[in-house]
Amino acid sequence: MREQEIQNQIRVAVSKNKCSIFRANVGKVKTEDGRWFDAGLPQGFPDLFGFRHSDGTIFFIECKNETGRPRDDQIKFHKFLMKKHTVHGIARSPEDALKIINEGLIGYGFK
């Protein structure tokens, strides 16, 4: 299954679980004068982020398929979140995402 399909399934499941969840859109565009403009969030920022309605706890979810591995910039962002004791992890399914969020896991799926 493609990561975007997993991401969409996660967004639906999490939003039904008393949470708000947002997709982090980033990208580069070329300006008319030929320069590249990097729009969006820092490199390595997870695919999804949101918060639990019950207590406002923020979470970050990196979506991967069954064989996907985090890039170096994603690992760097993971280490930053670890230092801040922030709920985050790699989700390969909606069940993984809900586990990360509901159990308040920090670094789930990263080595």
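Only the coordinates and a few stated rules stand behind these numbers; no lab work does. Here the structure is a predicted model, which means the values were calculated and not measured. Counting neighbours? That spans all protein chains shown, and the Cβs are built from the backbone with ideal geometry, glycine included.
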**Message:** Would you confirm, using the coordinates I've provided, whether ASN8 is assigned to a helix (DSSP H, G or I), farther than 20 Å from GLY107 by Cα and not hydroxyl-bearing (Ser, Thr, Tyr)?
**Reply:** yes
**Request:** May I ask you to list the residues in segment 52-81 that are under 13 Å from GLU3 (Cβ atoms), touching a residue at least 24 places away in the same chain (Cβ under 8 Å) and over 14 Å from the mean Cα position of the chain (by Cα)?
**Result:** GLU66
**Filter pass, ALA13 being surrounded by 14 or more Cβ atoms within 10 Å (Cβ to Cβ) and hydrophobic (A, V, I, L, M, F, W, C)** = yes
**Fill in**
Of the residues in segment 82-111 that are in contact (Cβ under 8 Å) with a residue 40 or more places away in the chain and not in a helix (DSSP H, G or I), the one that is farthest from ASN25 (Cα to Cα) is GLY104
**Asked** When segment 47-81 is examined, which residues are found to be assigned to a loop (DSSP other than H, G, I, E, B) and surrounded by 12 or more Cβ atoms within 10 Å (Cβ to Cβ)?
**Response** ASP47, THR57, LYS64, ASN65, GLY68, PRO70, ARG71
**Message:** Any residue that is at negative phi, touching a Ser or Thr at 6+ places or on another chain (Cβ under 9 Å), in contact (Cβ under 8 Å) with a residue 40 or more places away in the chain and of a type in the set (Phe, Trp, Tyr) - is there at least one of those in segment 24-47?
**Reply:** no
**So PHE22, is it within 15 Å of GLN7 (Cα to Cα), outside any strand (DSSP E or B) and hydrophobic (A, V, I, L, M, F, W, C)** = no
